[in-house]
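Below you'll find the structure, written out as structure tokens, and then a few comments.
The values are calculated or read from the model by the stated rules, or taken from the named source; none is laboratory data. Since the structure is predicted, the reported quantities are computational estimates derived from the model, not experimental observations. Here the Cβ positions follow ideal geometry from the backbone for every residue, glycine too, while neighbour counts run over all protein chains shown. When the accessible area is computed, the model is the full protein with side chains, heavy atoms only, and any ligands, DNA or RNA have been set aside. Shrake-Rupley method; radii C 1.70, N 1.55, O 1.52, S 1.80 Å.
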Amino acid sequence: MGKKVAIVGAGVSGLAAIRCCLEEGMEPICFERSNDVGGLWKFSGHAEEGRASIYQSVFTNSSKEMMCFPDFPYPDDFPNYMHHSKLQEYIKAFAQKKGLLRYIQFETLVSSIKKCSSFLATGQWEVVTEKDGKQDSLLFDAVMICSGHHVYPNMPTDSFPGLEHFEGKCLHSRDYKSPGTFQGKRVLVIGLGNSAADIAVELSRLAAQVIISTRSGSWVMSRVWNDGYPWDMVYVTRFASFLRNVLPSFVSDWLYVKKMNTWFKHENYGLMPLNGPLRKEPVFNDELPARILCGTLSIKPSVTKFTETSAVFEDGTVFEDIDCVIFATGYGYAYPFLDDSIIKSRNNEVTLYKGIFPPQLKKPTMAVIGLVQSLGATIPTADLQARWAAKVFANTCTLPTTNEMMDDIDEKMGKKLKWFGQSHTLQTDYITYMDELSTFIGAKPNLPWLFLTDPQLALEVFFGPCSPYQFRLMGPGKWDGARNAILTQWKRTVKPTRTRAVGETQRPCHLYDLLKMFFFPVILLAVLLAFY
């Protein structure tokens, strides 16, 4: 074995980090505070200190073909959108198949990570861990932080005057597990992210009344898209990304808003975002509009103040006799075992090169895996981040200078603010980001070469889903099964839904996409002429 690498957390990011370190001939030691792998997806009936927490009814928002480890497809019969228990089953199978469990020290808490005295020469870190009440200190050549960002709840209680006098119950969505205790209650949910929508919809079936209070609104999308296919299999394609990037912004914004309103008109449901063209993460919920139509759930603007029993909204209306307020207000980014200045190196903001490397370190021996957010799934993103980080640690890839990294961070931040808004500075465009990372390690699909040598595969790579297999198709870390996985991904998609076979299996037609590409210049010219 080569360099010793400390990995914090054995969720999907931690498992990707272990595997990638092994691929580069390094020695990983992973510290996991719980007794199992899975991280966020390891369900517990109660919120545990220092661990992410999910509710019993959680299903994935990404489909199975888009959220697998790139060389480990899900079983054919797994549903496209999985209950957390099925995903945990897959995660454990991956860890066992790849022989990763032997590198994990369970029930071990990382209490401190500090630069060792010789850091400027060696880049080494001192990692202090605790297990069974005993502390241990070890030196590592590099560190990967894979502990996620759904651990420390954001409770903005100071933003709500009068809340201290409210006599009902208050809790964060992190502490919500199941709806049973809310039978017949009047519940206010503050926030409109995925957790807020899931919880509000679930409670609306048995609570007396549920209201969602949202400051800025949100786009709501169904998991089921064109012709019944999973949304990400249709939306997250290189062709769609190409169109979004080359269209003038006013055309791109118009098309985006029009697409988001295809299912239902958001303004009629009180859900319309204040800044519609912003590409902040939509809410994925197949039932929210129906629950609003049925009257069991309502949407209101921000709360201006609380009284002992009620909430007053910006529009002057009042929600009386509230039993419970659930704050679905997200999480803070905190690494209590690490000095804040390492990751929050400027204006108390998370400042990382490509969302991974602290740019101010004199030695590039620390990486944060799984912090970046996008419309793509976490598993393939973490896999590619860990592959690049492992190569940097192994000195087979090099980083730019500190100034160059800071300039890149500033440039990317400007684009993120334009596309995603001030509150989503960790968000990024999935395909652009994945292509950027894969370029660094020589694993980006070479489309011109594919069109010359394998046209069938090239068409699927460009017009079909940008599935994880594409990033193990060529270059270092190449998986021999990637081509077949790409060409058979639609077959695995429809397998679990065709439990009653009627007619032939259907799949999207690339001819339609080709026609759109050929007619695109004509359509663009017509639009420009209409405006001028």
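Any idea how many residues of the stretch 195-222 are open to solvent by 20 Å² or more (accessible area, probe 1.4 Å) and of a type in the set (S, T, N, Q)? Break it down into steps so the answer makes sense when it comes.
If we filter the stretch 195-222 for residues that are open to solvent by 20 Å² or more (accessible area, probe 1.4 Å), which is where we start, we get 195, 198, 202, 205-206, 208-209, 215-216.
Still in the running and of a type in the set (S, T, N, Q): 195, 209, 216.
Total satisfying the criteria: 3.
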>> Out of everything in the stretch 86-104 that is among the charged types (D, E, K, R) and open to solvent by 80 Å² or more (accessible area, probe 1.4 Å), what residue ends up being nearest to Lys363 (Cα to Cα)?
In response: Arg102
> Quick one: what pairs do we get from the stretch 9-35, first residue over 16 Å from Gln385 (Cβ atoms), second assigned to a loop (DSSP other than H, G, I, E, B) and polar (S, T, N, Q), C-beta under 7 Å, 6+ apart or different chains?
Replying inline: Phe31/Thr108; Glu32/Thr108; Arg33/Thr108
>> I'd like to check which helices (runs of 4 or more DSSP H) are fully inside the stretch 201-292 and have at least 3 residues that are in contact with a Pro (Cβ under 8 Å, 6 or more places away or on another chain).
In response: 231-235, 249-260
> So which of Leu15, Leu22 is open to solvent by 30 Å² or more (accessible area, probe 1.4 Å) and aliphatic (A, V, I, L, M)?
Replying inline: Leu22
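Name the residue, out of Asn285, Asn261, Asn226, Asn245, that is open to solvent by 20 Å² or more (accessible area, probe 1.4 Å), farther than 16 Å from Tyr430 by Cβ and polar (S, T, N, Q). Walk me through it before giving the result.
On the way: Asn285 fails: open to solvent by 20 Å² or more (accessible area, probe 1.4 Å); Asn261 fails: open to solvent by 20 Å² or more (accessible area, probe 1.4 Å); Asn245 fails: farther than 16 Å from Tyr430 by Cβ.
Answer to the check: Asn226.
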> Where residues in the stretch 126-141 are in contact with a Lys or Arg (Cβ under 6 Å, 6 or more places away or on another chain) and within 20 Å of Ala394 (Cβ to Cβ), which of them is most open to solvent (accessible area, probe 1.4 Å)?
Replying inline: Asp141
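Yes or no: Gln385 surrounded by fewer than 20 Cβ atoms within 10 Å (Cβ to Cβ), within 30 Å of Lys478 (Cα to Cα) and under 26 Å from the mean Cα position of the chain (by Cα)? I'd like the intermediate steps shown before the answer.
Numbers: surrounded by fewer than 20 Cβ atoms within 10 Å (Cβ to Cβ): no; within 30 Å of Lys478 (Cα to Cα): yes; under 26 Å from the mean Cα position of the chain (by Cα): yes.
Judged against the criteria, Gln385 is not a match.
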>> Looking only at the stretch 4-22, count every residue that is within 12 Å of Phe94 (Cβ to Cβ) and hydrophobic (A, V, I, L, M, F, W, C) and tell me the total.
In response: 5
> Looking at the stretch 438-465, which of its residues are open to solvent by less than 40 Å² (accessible area, probe 1.4 Å) and over 24 Å from Tyr235 (Cβ atoms)?
Replying inline: Ile441, Asp454
> Of the residues that make up the stretch 146-160, is at least one more than 28 Å from the chain's Cα centre (by Cα) and over 30 Å from Ile342 (Cα atoms)?
Replying inline: yes
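Surrounded by fewer than 17 Cβ atoms within 10 Å (Cβ to Cβ), of a type in the set (Phe, Trp, Tyr), farther than 24 Å from Ala52 by Cβ and touching a residue at least 24 places away in the same chain (Cβ under 8 Å): is that true of Phe160 in this structure? Break it down into steps so the answer makes sense when it comes.
Values: surrounded by fewer than 17 Cβ atoms within 10 Å (Cβ to Cβ): no; of a type in the set (Phe, Trp, Tyr): yes; farther than 24 Å from Ala52 by Cβ: yes; touching a residue at least 24 places away in the same chain (Cβ under 8 Å): yes.
So Phe160 does not fit the description; no.
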> Can you spot a residue in the stretch 299-311 that is within 17 Å of Glu267 (Cα to Cα), of a type outside the set (Phe, Trp, Tyr) and touching a Lys or Arg at 6+ places or on another chain (Cβ under 8 Å)?
Replying inline: yes
> Which ones in the stretch 36-70 are of a type in the set (Ser, Thr, Tyr), touching a residue at least 40 places away in the same chain (Cβ under 8 Å) and farther than 16 Å from Thr381 by Cα?
Replying inline: Ser53, Tyr55, Ser57
> So which residues in the stretch 33-49 are open to solvent by less than 10 Å² (accessible area, probe 1.4 Å) and touching a strand residue (DSSP E or B) at 6+ places or on another chain (Cβ under 9 Å)?
Replying inline: Val37
> Quick one: what pairs do we get from the stretch 71-98, first residue more than 19 Å from Val58 (Cα to Cα) and without any contact (Cβ under 8 Å) to a residue 60 or more places away in the chain, second open to solvent by 60 Å² or more (accessible area, probe 1.4 Å) and assigned to a helix (DSSP H, G or I), C-beta under 9 Å, 6+ apart or different chains?
Replying inline: Phe72/Lys97
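Go through the stretch 105-114 and give me each residue that's hydrophobic (A, V, I, L, M, F, W, C) and either open to solvent by 50 Å² or more (accessible area, probe 1.4 Å) or in a loop (DSSP other than H, G, I, E, B) (or both). Break it down into steps so the answer makes sense when it comes.
Keep residues of the stretch 105-114 that are hydrophobic (A, V, I, L, M, F, W, C), which gives 106, 109-110, 113.
Answer for the stretch 105-114, where residues must be hydrophobic (A, V, I, L, M, F, W, C) and either open to solvent by 50 Å² or more (accessible area, probe 1.4 Å) or in a loop (DSSP other than H, G, I, E, B) (or both): Phe106, Leu109.
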>> Need the failing condition index for His149 against (1) under 26 Å from Glu48 (Cβ atoms); (2) touching a Ser or Thr at 6+ places or on another chain (Cβ under 6 Å), just the number.
In response: (2)
> Given Pro380, Pro359, Pro364, which one is open to solvent by 10 Å² or more (accessible area, probe 1.4 Å) and either in a helix (DSSP H, G or I) or of a type outside the set (S, T, N, Q) (or both)?
Replying inline: Pro364
> Could you count how many residues in the stretch 367-377 are touching a strand residue (DSSP E or B) at 6+ places or on another chain (Cβ under 7 Å) and open to solvent by less than 10 Å² (accessible area, probe 1.4 Å)?
Replying inline: 3
>> Please count how many residues of the stretch 466-498 are over 26 Å from the mean Cα position of the chain (by Cα) and open to solvent by less than 20 Å² (accessible area, probe 1.4 Å).
In response: 0
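Conditions tested, residue by residue: (1) among the charged types (D, E, K, R); (2) at pLDDT 90 or above; (3) in contact with a strand residue (DSSP E or B) (Cβ under 6 Å, 6 or more places away or on another chain).
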site: Gln385; (1), (2), (3): no, yes, no
site: Ala389; (1), (2), (3): no, yes, yes
site: Lys415; (1), (2), (3): yes, no, no
site: Gly421; (1), (2), (3): no, no, no
site: Ser438; (1), (2), (3): no, yes, no
site: Gln456; (1), (2), (3): no, yes, no
